[in-house]
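The structure appears right after this line, and notes come after that.
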Amino acid sequence: MHRSLSYTSFFLLFYSFSSYAQSLEAELARLKTNTVLLMHSEAVEERALWSPRSDYVACKLGGKWLKISLQKITLVPGSWQGKRAGVMKLDTVLSEVSNRDMQLFKAASGSQPIFIHTKAGTRYALKPDGDGVMLVATQTDGTSHQLWSSNGEGCYSLSLSPDEKYLACICEKSGLLVTKLEEVIVSN
């Protein structure tokens, strides 16, 4: 009986910590992935917008701009195109973007339909891959690395976070997809 009680207590304690809202970076590390579906819906429109400090990302859903806190988020294990991905919990609190915030978000967000450059010179591009696209990082020395493939799903509207840690895009069937950017290390 005593052992059963301690296992139950451990499970409850572990569950409460694992479902506690954390930063996006911590949640991605916990799930051992660099990809997350923040708004899993075919109804996501336009492009993602970032707050100036990269602590919120916003998307247009059903005609309304909604923002998601990246400092207090809970992800559940999931998959996208057969690969491990985090998926935002359905009970995550979303809030409408105010007119003032909308101006700030638009000014802070670098966005292009299919490619975008970082300040360090890395070029991220959506390149044709069968019926879909793949996200490719190309370093200044010309070395390329594929981050993911959409396996036939149309993805577009790249948006780089101001801190250049994350890249968002809209995927037609899946919604708002965010990828944590890693330094591509090339060994000789």
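Computed from the coordinates by the stated procedures, all read-outs in this text should not be read as laboratory data. A quick note: this is a predicted structure, and the numbers were derived from the prediction, not measured. Here the Cβ positions follow ideal geometry from the backbone for every residue, glycine too, while neighbour counts run over all protein chains shown.
Here's how it looks for Ser41: its modeled amide H is under 5 Å from those of Gly175, Leu176, which are all 5 or more places away or on a different chain.
A crude spin-label estimate for the pair Glu45 and Leu94, with each label 7 Å from Cα along the Cβ direction, gives 1.3 nm.
Here is the P(r) of the stretch 93-188: all C-alpha pair distances, binned every 10 Å from 0, give 15, 45, 29, 10, 1, 0 in whole percents. In straight-distance terms, cross-link reach from Lys127 covers every one of the lysines whose alpha-carbon lies under 22 Å from its own, apart from those fewer than eight places away in the same chain; here that gives Lys83, Lys119, Lys165, Lys173, Lys180. Among Thr33, Thr122, Thr143, the largest mean-square fluctuation in a Gaussian network model of the chain, built with springs joining Cα atoms closer than 10 Å, belongs to Thr143. Classify the stretch 41-122 as rounded, prolate or oblate from the Cα gyration tensor: take a ≥ b ≥ c as the square roots of its eigenvalues, call it rounded if a/c is under 1.5, otherwise prolate when a/b beats b/c and oblate if not. Taking the square roots of the gyration eigenvalues as a ≥ b ≥ c, the stretch 41-122 is oblate. Near Asp129, the amide H atoms lying under 5 Å from its own belong to Met134; only residues 5 or more places off or on other chains count, and H is placed 1.01 Å from N. With N counted as the residues of the stretch 34-77, its alpha-carbon radius of gyration over 2.2 N^0.38 Å works out to 1.16. Each principal axis of the chain carries a Cα extent, and these read 62, 49, 31 Å when sorted largest first. In the chain, excluding the sites themselves, the longest stretch lacking any of the trypsin sites (Lys or Arg not before Pro) that are in a DSSP loop with at most 11 other Cβ atoms within 10 Å is 33-118.
The phi-based Karplus calculation (6.51 cos²θ - 1.76 cosθ + 1.60; θ = phi - 60°) puts the 3J(HN,Hα) values of the stretch 165-178 at 8, 9, 10, 10, 8, 9, 10, 3, 9, 9, x, 7, 10, 10 Hz, whole numbers, x for Gly and Pro. Computed from backbone phi, the HN-Hα couplings of the stretch 33-46 come to 8, 10, 10, 9, 8, 7, 10, 7, 7, 6, 8, 5, 10, 6 Hz, rounded to whole numbers (Karplus: 6.51 cos²θ - 1.76 cosθ + 1.60, θ = phi - 60°; Gly and Pro given as x). Taken about its Cα centre, the chain carries a charge dipole of about 380 debye when Lys and Arg each add +1 at the Cβ and Asp and Glu each add -1 at the Cβ. Per-residue ellipticity at 222 nm computed for the chain from its helices equals -5500 deg cm²/dmol, with DSSP H segments shorter than 4 residues left out and the rest contributing -39,500 (n - 2.57). Suppose R0 equals 30 Å. What FRET efficiency, 1/(1 + (r/R0)^6) with r the Cβ-Cβ distance, do His145 and Ser79 give to the nearest 0.05? The computed FRET efficiency comes out at 0.90.
Evaluating 6.51 cos²θ - 1.76 cosθ + 1.60 at θ = phi - 60° for every residue in the stretch 67-81, the Karplus couplings come out as 10, 10, 6, 9, 9, 9, 9, 10, 10, 10, x, x, 8, 9, 6 Hz, glycine and proline recorded as x.
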